[in-house]
Amino acid sequence: MSAALKSSRYLGDVVFRRTIKGEFLIKNGSALHRSAPQRMLAALDGRRTANSLALAFRAREVVTLLKLLESKGLIESVGGVVELASITSADAASGVRAPLALRELEAAKLAAIGAARELLGTSAKASIREIEQCRDTAMFRSAIDVICERLSSVLGADAAAIFVETTRRAGRV
């Protein structure tokens, strides 16, 4: 997995844009017969994250399409190199996720608050406040990342894994 992917923790946080070659293909390609790769290429505007694309494509399909487009030199990541070719199917499955529905988000937030209290005890107040302020999936995932880093440094990787798994189970009921 590339350094850019590790630092973002989720491939879903990475933004892609078309290269000059990709722009040329979009402007000169047939608009009537849009294949999935052509639709993906058209959707990559340098502002959308891979997670936002999971709404228009199947989450698992996003990584496959990104790899294909990158291998043909039609796209590049914004803000640093992401080596899509090195991403395994396991990384892809956890790297791009569709946003949680509101009820899923609320369930995940409650589970995360409970797990943070249990694992961090009285020092969990700041983490709980951060979770409570989350209004969407992206904010929530960012808060989870921060809490995981704290858990890893204080209690170790196993505690962070327990926290994530507890939260994930509650969010995908």
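List of remarks:
- You will find that of A111, A124, the residue that is farther than 22 Å from S35 by Cα, modelled with pLDDT of 90 or more and part of a helix (DSSP H, G or I) is A111 and no other.
- Taking residues in the stretch 154-169 that are surrounded by 15 or more Cβ atoms within 10 Å (Cβ to Cβ), and partners anywhere that are β-branched (V, I, T), the pairs with Cβ atoms closer than 7 Å and at least 6 places apart or on different chains are F163/I147; V164/I144; T167/I144.
- Within the stretch 127-150, being at pLDDT below 90 and not in a helix (DSSP H, G or I) holds for C134, R135, D136.
- Note on the stretch 80-108: residues that are under 17 Å from the mean Cα position of the chain (by Cα) and modelled with pLDDT of 65 or more total 6.
- Some residue of the stretch 34-41 being at pLDDT below 80 and either assigned to a helix (DSSP H, G or I) or under 30 Å from F163 (Cβ atoms) (or both): no
- Selection count where residues are closer than 21 Å to T137 by Cβ, at pLDDT 75 or above and either of a type in the set (D, E, K, R) or not in a helix (DSSP H, G or I) (or both), scope the stretch 47-76: 4
- Test result for R117, over 26 Å from G22 (Cα atoms) and modelled with pLDDT of 55 or more: yes
The values are calculated or read from the model by the stated rules, or taken from the named source; none is laboratory data. Fair warning: this is a prediction, and the values are worked out from it, not measured in the lab. In this analysis, Cβ positions are derived from the backbone assuming ideal geometry, glycine residues included, and neighbour counts consider all displayed protein chains.
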